[in-house]
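Read the structure below first, then the notes.
The values are calculated or read from the model by the stated rules, or taken from the named source; none is laboratory data. Predicted model, so just to flag it, every value in this text is computed and none were measured. Using ideal geometry, Cβ is built from the backbone for each residue, glycine included, and neighbour counts are taken over all protein chains shown.
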Amino acid sequence: MKFIIDTEENIAKKAAQRYVEILNRKPDTVLGFATGSTPLGLYAELQRLNAAGALSFKDVTTFNLDEYAGLDGSHDQSYRYFMDHNLFMGVDIDRSRTHVPSGLDIAAAADYDRQIKEAGGIELQLLGIGNNGHIGFNEPGTPIDSITHLVDLTEMTRKANARFFASLDEVPTQAVTMGIKTVMNARSIMLMALGKGKADIVKKSFTGPVTPEVPASILQLHPFVEIYLDYEAASML
Ligand code: F6R
């Protein structure tokens, strides 16, 4: 595991440079993306670099980590909507090659890992981390051999995400997420964490024991993981 620790702004820039390297080396790369507040700076930087001609998404295929169950892609809190508005609409990507698990056709989740494999597997999977150590929506206790599946969201996760909804009641209770095994199958992984609120879980995940109770700790066993942290998130390491 490699740690990159810097200011929030520089983290976004350094992470974006990894995409420049990868896409210039292999323009038809398969990328795994995440939603949430953490990647917003990176996504803005990728749009800027794309407009400046430093990288192109023209031949890229993408698979997102997760989606709320019950939300259609046109719902402004769906992760499909998030990706369209925070990245895809701002770059030269072919939208038909972007994949987000369906929040409505739950049975389709069973096919998501096969689709990823058929596309050639994920070259670089981007991850955030939940306050409880979740990656994707794999909450504590998720089996390490899990593939894309339907999950019940914990109260902690629903409360953390309620800031984006009008009220807690509106936060879906379930989601479809890539499993731990799906994530671990990616050839390389980039996890980003920002802010003091993530310092404790960052420490537990990457300096503590590997345990399903802290889902992100499994990343210690992956051969190529980069952890991008701002100074606050790294403050307990
Ligand atoms: C998002 C996802 C989640 C978030 C995590 C952190 O697709 O899978 O695991 O990465 O909840 O969210 P933020 O970045 O909002 O703190």
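The table below lists the values:
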read-out	value
The one condition in (1) of a type in the set (Val, Ile, Thr); (2) closer than 29 Å to Ile218 by Cα; (3) away from the ligand (no atom under 16 Å from the Cβ) that Val100 fails to fulfil	(3)
Ile144 being surrounded by fewer than 20 Cβ atoms within 10 Å (Cβ to Cβ) and of a type in the set (Val, Ile, Thr)	yes
Residue in region 82-102 that is closer than 15 Å to Asp59 by Cα, among the aliphatic types (A, V, I, L, M) and buried (at least 17 other Cβ atoms within 10 Å of the Cβ) present	yes
Strands (runs of 3 or more DSSP E) enclosed by region 120-177 - at least 1 residues per element that are free of Cβ contacts under 8 Å to residues at least 24 places away in the same chain	149-152
Among residues of region 178-191, those that are outside any loop (DSSP other than H, G, I, E, B) and either over 19 Å from Gly208 (Cβ atoms) or modelled with pLDDT under 95 (or both), counted	4
Top-ranked residue of region 67-80 - restricted to ones that are in contact (Cβ under 8 Å) with a residue 60 or more places away in the chain and out of contact with any Leu (no Cβ under 7 Å at 6 or more places or on another chain), ranked as farthest from the ligand (Cβ to nearest atom)	Gly70
Out of Arg48, Arg95, sole residue that is more than 23 Å from Lys13 (Cβ to Cβ), among the basic types (Lys, Arg) and modelled with pLDDT of 95 or more	Arg95
Residue within region 198-211 that is part of a loop (DSSP other than H, G, I, E, B), modelled with pLDDT of 95 or more and either among the small types (Gly, Ala, Ser) or in contact with a Gly (Cβ under 6 Å, 6 or more places away or on another chain) (or both) present	yes
Failed item, numbered, when Thr7 is tested on (1) farther than 16 Å from Met83 by Cα; (2) surrounded by 15 or more Cβ atoms within 10 Å (Cβ to Cβ)	(2)
Options Glu123, Glu67; residue that is under 30 Å from Asn50 (Cα atoms), of a type in the set (D, E, K, R) and touching a helix residue (DSSP H, G or I) at 6+ places or on another chain (Cβ under 6 Å)	Glu67
Single residue of region 27-66 satisfying the filter (more than 11 Å from the chain's Cα centre (by Cα), touching a residue at least 60 places away in the same chain (Cβ under 8 Å) and crowded, with 21+ Cβ neighbours inside 10 Å) that is farthest from the ligand (Cβ to nearest atom)	Val30
Condition met for Leu23 (in contact with a Gly (Cβ under 6 Å, 6 or more places away or on another chain) and buried (at least 21 other Cβ atoms within 10 Å of the Cβ))	no
Odd one out for Asn24, checked against (1) touching a Phe, Trp or Tyr at 6+ places or on another chain (Cβ under 9 Å); (2) over 27 Å from Phe164 (Cβ atoms)	(1)
